[in-house]
Amino acid sequence: MSTLQRNDLCHCGSGKKYKNCCMNKDKAQEVLAQQKYDVRREIRPNTTPYMFWKTWSAACRKQAVSLVRDLLVSGSEICERFNNSDQEFVTLSRELGLPYEPAWTLDKIKLSETSCMFLCHLDNEDKNADNVVSLVTLKRTELGLRVDNIQKVIKPASPDFILSFDLFGIKSAEHDYLVKCRTGWERPDLTDESSRFVAED
């Protein structure tokens, strides 16, 4: 365990302050060294997407870095961002809220035969704060669901903000419907005689 203080010069010789250099990596490695998980006990091939999310978010909250790593697809898009395991720890810490940020809240799930997507946002009690939204893409593997990629967008607080997959370029009928409603469109009253479909003879 490092005895350096946040504002001390980093032990790696970079000349930077410890907090701006290796502190996050060292903390993540300390957490990892204390953890032993078998992902096969947590996630099975028949585990539902929602239960995967429960395991994933619990691992994030508990700072279970080793379990989070095992919940990734080996050789996936997110793993390719890292040059080495040390950098992986730091990047996971910044992107997933491990271990320094609050947990993410799941808002929407989109399913297909080969993948699953979680749309979630970072909790914030300040209504004027930016909207931080994440899209977690999972792949179906022989071992069960595994995280393939994580994307994040930050949008300024606005009454026009819509939390939807469209934020990541994925078309959503729900988003189009909400946009129409905000521009004054009203759904016809289906009980109104004038809006009923009349079959031709």
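Any read-out appearing in this document is the output of simple, stated calculations on the displayed coordinates, not a laboratory observation. As the structure is a prediction and not an experimental result, all values here were calculated from the model. Note: ideal-geometry Cβ built from the backbone for every residue, glycine included; neighbour counts use all protein chains shown.
Structure values in brief
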| read-out | value |
| --- | --- |
| Positions within the range 61-97 being more than 19 Å from V153 (Cβ to Cβ) and assigned to a loop (DSSP other than H, G, I, E, B), in sequence order | K62, Q63, A64, L71, V73, S74, G75, S76, F82, N83, N84 |
| Top-ranked residue in the range 1-60 [being basic (K, R) and assigned to a helix (DSSP H, G or I); ranked as surrounded by the fewest Cβ atoms within 10 Å (Cβ to Cβ)] | R41 |
| Residue count, the range 133-155 (criterion: under 14 Å from F52 (Cβ atoms) and over 10 Å from the mean Cα position of the chain (by Cα)) | 9 |
| When residues of the range 120-163 are limited to those that are among the polar types (S, T, N, Q) and not in a loop (DSSP other than H, G, I, E, B), the one surrounded by the fewest Cβ atoms within 10 Å (Cβ to Cβ) | T141 |
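Okay, residues lined up against (1) in contact (Cβ under 8 Å) with a residue 60 or more places away in the chain; (2) touching a Cys at 6+ places or on another chain (Cβ under 9 Å); (3) under 16 Å from S115 (Cβ atoms):
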{"site": "N46", "(1), (2), (3)": "yes, no, no"}
{"site": "W53", "(1), (2), (3)": "yes, yes, yes"}
{"site": "S57", "(1), (2), (3)": "no, yes, no"}
{"site": "C60", "(1), (2), (3)": "no, no, no"}
{"site": "V68", "(1), (2), (3)": "no, yes, no"}
{"site": "S76", "(1), (2), (3)": "yes, no, yes"}
{"site": "E80", "(1), (2), (3)": "no, no, no"}
{"site": "D86", "(1), (2), (3)": "yes, yes, no"}
{"site": "L96", "(1), (2), (3)": "no, yes, no"}
